[in-house]
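A.B. asks: Before anything else, here's the structure in question.
The values are calculated or read from the model by the stated rules, or taken from the named source; none is laboratory data. Computed from a predicted model, the values in this text were never measured in an experiment. Don't worry about glycine lacking a Cβ; one is built from the backbone with ideal geometry, like all the others, and counts go over all protein chains shown.
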């Protein structure tokens, strides 16, 4: 058991190298006349994340875990099983999958109407929020958001004895500094929105245990910025206000490693 623990703590050279690359990643400086939609920096960061989960899959298989590709919605996951415990992690690319293993706890996309209707009645929503005029006024208000989803980047799911134990929603975010001193000021809006969306999912009690983990590059600790302290304080305030709310930010090699080790120690029953 001690050897297994030590192996997991050390991880592998390949995983460690990717974690270093995630921490060191930074997009190019902002250039005039080039819009954000024309940049592919986000794709480069996602490729690193994809490589990370693929290496974790291989590592677990090498350590004796059984693996089964499964799918929910538009995402593939691999179910890694050791004894009574199973860990679902995202897997990218085209894979053959077992339809019988489709698992709703792997959802990363949620209908806005489902979330809000689990928190308030449609009548009270209309009374409290509906515009007083226009095409979505009054009872037409639900048509404004009907069929629209809020989506997270990925998810992890933990099972024991084939029973749900924990769901971890994942968000991937990068930031940069064009001048190398202070972080550029466009790094926070969507993450703040996702935190509030996650808070509503927790409040609606979709899952008995659901957590949010945000994996970022190391820019959040390299440069002067207001986001690092703000995100942590926002999470703290929401934790105090909403039972079950838990949001963690991983922005350094040591943070990523601690997170992965905790998952692997749990899977291999070494905790």
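A.B. asks: Where the second residue is modelled with pLDDT under 95 and surrounded by 12 or more Cβ atoms within 10 Å (Cβ to Cβ) and the first is in a loop (DSSP other than H, G, I, E, B) and lies in segment 109-132, which pairs have Cβ atoms under 7 Å and are six or more apart or on separate chains?
C.D. replies: Pairs that qualify, where the first residue is in a loop (DSSP other than H, G, I, E, B) and the partner is modelled with pLDDT under 95 and surrounded by 12 or more Cβ atoms within 10 Å (Cβ to Cβ), are 118/204; 119/200; 119/203; 119/204.
A.B. asks: Would you be able to tell me the number of residues in segment 164-209 that are surrounded by fewer than 14 Cβ atoms within 10 Å (Cβ to Cβ) and modelled with pLDDT of 95 or more?
C.D. replies: Of the residues in segment 164-209, 0 are surrounded by fewer than 14 Cβ atoms within 10 Å (Cβ to Cβ) and modelled with pLDDT of 95 or more.
A.B. asks: If you go through segment 254-266 one residue at a time, do you hit one that is farther than 23 Å from residue 20 by Cβ, in a helix (DSSP H, G or I) and in contact (Cβ under 8 Å) with a residue 60 or more places away in the chain?
C.D. replies: So far as segment 254-266 goes, yes, one or more of its residues are farther than 23 Å from residue 20 by Cβ, in a helix (DSSP H, G or I) and in contact (Cβ under 8 Å) with a residue 60 or more places away in the chain.
A.B. asks: Another question, then. Does residue 112 satisfy the criteria of being at pLDDT 90 or above and crowded, with 18+ Cβ neighbours inside 10 Å?
C.D. replies: When the stated conditions are applied, residue 112 does not pass them.
A.B. asks: Go through the residues of segment 62-75 one by one and say whether even a single one is part of a helix (DSSP H, G or I), under 27 Å from residue 252 (Cα atoms) and at pLDDT below 95.
C.D. replies: Yes; the residues of segment 62-75 include at least one that is part of a helix (DSSP H, G or I), under 27 Å from residue 252 (Cα atoms) and at pLDDT below 95.
A.B. asks: Provide a single number: the residues in segment 199-248 that are under 23 Å from residue 116 (Cα atoms) and outside any helix (DSSP H, G or I).
C.D. replies: Number satisfying all stated conditions: 16.
A.B. asks: If only one of 68, 87 is surrounded by fewer than 20 Cβ atoms within 10 Å (Cβ to Cβ) and touching a strand residue (DSSP E or B) at 6+ places or on another chain (Cβ under 8 Å), which one is it?
C.D. replies: Among 68, 87, only 68 is surrounded by fewer than 20 Cβ atoms within 10 Å (Cβ to Cβ) and touching a strand residue (DSSP E or B) at 6+ places or on another chain (Cβ under 8 Å).
This table checks each residue for (1) over 18 Å from the mean Cα position of the chain (by Cα); (2) free of Cβ contacts under 8 Å to residues at least 12 places away in the same chain; (3) farther than 26 Å from residue 23 by Cα.
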position	(1), (2), (3)
138	yes, no, yes
146	yes, no, yes
150	no, no, yes
153	no, no, no
163	yes, yes, yes
179	yes, no, no
191	no, no, no
199	no, no, yes
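A.B. asks: Now, a different point. Taking residue 4, is it at pLDDT below 65 and surrounded by 11 or more Cβ atoms within 10 Å (Cβ to Cβ)?
C.D. replies: Answer is yes for this residue.
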